[in-house]
Structure formats: C-alpha cells, structure tokens
Amino acid sequence: MVRRSLFGIAHFDLNTRQFKFTEIGPAPTGMLGLQVSPDGKTGYSVIVNGEHGNRRCEFWAFDITANKRTMTSEFPCRPRFSFGISSDGKKLYVYGAGFEIEVWDVATLKLERVMDLQNDATMGGIIVVP
C-alpha cells in the first residue's frame, strides 16, 4: 500500500473541540507558513518544489471559507527568504536574505515593487503595524 501525503485546510473549533479537514491535493515539497488576511477569509502561502537548479517557488492563494485554492503564481526563488502580509491584507512581502524587500499585490500575485534597503537584512524580521 502506497501512502501519499495530503495537503488541505483544517478548521479547529477550540470551544467544541471539533476538527474538520478538507483535502486540496498532494502535499508540496515545502511550504512557508500561512498568512491570513485580516478578515480571515483569504490565506496565502509560499510553495517550494524541487532543489537547486530545479527549484520553483509559487504563491498560493486560498479561499479559507470555501476550503479551496483560488490562485497560484510562480516567482523567482531566493536561496533563503521569509514572507509576510501587510496589516491591511493587500500586500505580501518577500524578505530576509539580502538587501531587498519585494512587495507583491495579493489581488494579482504580481510583483509591485522592490525596496532596496541599502543594508543586508539577512535574518532580519519585519514588524507590520496598522
């Protein structure tokens, strides 16, 4: 019997201890967390598949209420990076290794601009304030 790894969205109700898991598909090789919009309806993750020269990075957007993936967009991988979401939920940030912060629009998952910090921000974090 072959076991496959599944990926999906799980909802936990801590008051009733109810658990519901909705399968979306096979698990990707790597996933960098889940950033959720302020209204809790949309989530974003970064998926990493492959290694070295075959490495591919994608943003995945999810409709949290419908438990489905709604959009994907490939972007150039960095060797190391983190990502976060703006306080209003309209931008995604790719940062953490190097001199730049990339700003991505959540509606299109397209690169909006690159901010040059003029200093190395490796292992630095971002604090998002309203």
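Rule-based calculations on the coordinates, nothing more; no lab input. What you see is a predicted model; the values in this text were computed from it and never measured. Cβ atoms come from the backbone with ideal geometry, glycine included; neighbour counts cover every protein chain shown.
For the chain, averaging the sequence separation of C-alpha pairs within contact (under 8 Å, six or more residues apart) and dividing by the residue count gives a relative contact order of 14 percent. With label points built 7 Å along Cα→Cβ from the Cα atoms of L14 and M115, find their separation and express it in nm. Between L14 and M115, the simple spin-label model gives 3.1 nm.
The charge dipole of the chain, taken about its Cα centre with unit charges on the Cβ atoms of Lys, Arg (+1), Asp and Glu (-1) only, comes to about 500 debye.
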